[in-house]
Amino acid sequence: NVPNTEVCENAHHSSGRFCFQSSRTLGEITSLQISSVGQLPRHFSAWNIQIIRSFRTSPSFQALPVPFLWIIVKPFQKLFAIILGRSIRKWWKALPDDKRELFKASARKNKWKILFGVSSLGVLFVMFYFTHLEETPITGRARLLAFGREHCRELSQLEYTMWMEEFKSKMLPETDARYRVVESVVSHLSESNKDIPQFSALEWVIHVVDEPDVNAFVLPNGQVFVFTGLLHAVSDIHQLSFILGHEIAHVVLEHAAEKASLVHLLDFLSLIFLTMIWAICPRDSLAVVGQWIQTKLQEFMFNRPYSRTLEAEADKVGLQFAAKACVDVRASSVFWQQMELAETIQGQPKLPEWLSTHPSHENRVEHLDRLIPEALKIRESCNCPSLSGPDPRLIFRLNMQHLLESSKDQETPNSTEQDLSKSKRDFPLT
């Protein structure tokens with residue numbers, strides 16, 4: 001029941017690049033009490049670390065952006081497949097030996113008809129897939145899109161009502177300085193990217209929630225939710241701009257409808273395998289194990305890798321949005337270094353990336369560092385002011401070195417030194 005950060009829109013967008021400058025500069029926005037680029041915030045001192053939960057640019061659990069009818073029927077589909085498979089198994093066991101042989105002989109005799117029937121279903125499936133392929137806005141990636149924006153808007157409105165009810169006592173007023181910071185960033189991003197139809201088609205409504213979670217999400221109807229824990233975790237306005245650009249990119253790229261389409265397709269195929277598992281396995285206990293294995297294979301071989309792909313795409317497009325808004329895009333990778341440092345100091349276990357729906361912090365930093373040169377060219381093509389001062393990634397590296405030296409001077413346990421040493425990186429100078 002945690003919200004969708006992705007989008008439900010089907011419009012196409014050409015790859016042409018246009019730049020619009022906001023009437024407000026980033027300098028005016030940064031006057032609202034946010035520290036300078038690349039410097040560690042106060043809560044990142046070696047001895048007084050504020051506990052920060054793992055930041056997720058998309059929620060851990062998401063409400064499926066699919067038609068209401070499918071949501072209601074989906075649980076019964078799996079139950080029907082189990083009952084059908086179990087009934088086939090019991091029917092086969094109850095057959096006398098002579099009738100089993102007759103059935104096998106009939107199947108061998110009509111094997112070509114059976115093969116033709118199965119092949120016809122396969123052809124229909126392939127036709128459905130290729131007739132529902134569309135092009136992703138901006139990136140031009142081909143993807144399956146079987147659900148329209150109407151379904152997503154209906155569910156996003158329902159989801160919006162649910163979140164407003166839950167957070168009604170925790171919403172910051174519009175006069176709060178933290179609210180004004182978020183509003184300024186979103187407004188600046190929107191004005192700078194108004195050439196993108198999917199961006200300008202929505203009215204972005206801001207909600208700042210007084211919660212310690214390091215989180216933000218955007219509903220498909222343009223409702224932006226930012227938690228104050230995120231505002232405490234970022235070091236500067238540039239990091240916040242990139243994060244909100246990432247969330248808005250999910251909406252612009254129609255990721256919610258895309259993910260729902262993939263889930264629907266995989267669920268349909270899984271029903272066939274589920275029926276076969278319950279029909280073939282000799283006992284219910286083995287069928288339950290087989291069903292669990294099938295579920296896990298689908299999760300780790302398709303669902304989670306696909307989710308990580310969408311996250312990487314949102315990072316790329318979000319970085320472009322930030323570049324067109326004249327943001328210092330070099331600060332984007334620094335945020336994920338800070339998150340990695342915080343988790344290391346807190347002693348949080350480092351899980352393999354394949355277990356997560358999001359890329360690891362380390363891979364995310366490397367991916368952004370590869371994208372930053374292109375984003376800087378976009379920024380330059382939009383006639384943005386030249387970046388002054390050193391690369392914020394270099395500043396972070398120097399701060400890390402200073403932190404390590406301070407740790408050694410105060411006889412920090414060896415285990416902590418080793419963990420912090422892993423966070424050291426060599427970043428290219430810009």
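Only the coordinates and a few stated rules stand behind these numbers; no lab work does. As the structure is a computational prediction, the values presented were derived from the model and not from experiment. Using ideal geometry, Cβ is built from the backbone for each residue, glycine included, and neighbour counts are taken over all protein chains shown.
Distance from the alpha carbon centroid of the range 281-332 to that of the range 114-130 works out to 28 angstrom. For Asp391, the residues whose modelled amide H falls within less than 5 Å of its own, excluding neighbours fewer than 5 places apart on the same chain, are Thr430. Straight-line reach from Lys104: taking Cα to Cα under 21 Å and skipping same-chain neighbours fewer than 8 places apart, the lysines in range are Lys90, Lys93, Lys113. Other residues lying with their Cβ under 12 Å from the Cβ of Cys384 contribute a combined charge of +1, Lys and Arg counting +1, Asp and Glu -1. Cross-link pairs exceeding 20 Å between alpha carbons, from the set Lys259/Lys316; Lys259/Lys377; Lys324/Lys377; Lys78/Lys111: Lys259/Lys377; Lys78/Lys111.
For the range 149-401, a/c is not less than 1.5, where a ≥ b ≥ c are the root eigenvalues of the C-alpha gyration tensor, and a/b tops b/c. That puts it in the prolate class. Computed from backbone phi with θ = phi - 60° and the Karplus coefficients 6.51, -1.76 and 1.60, the 3J(HN,Hα) list for the range 209-226 is 9, 7, 9, x, 4, 8, 7, 7, 7, 10, 7, x, 8, x, 7, 9, 10, 10 Hz; x is used for glycine and proline.
Packing, as the average of other Cβ atoms within 10 Å across residues, places the peptides 257-264, 280-287, 399-406 in the order 257-264, 399-406, 280-287, highest first.
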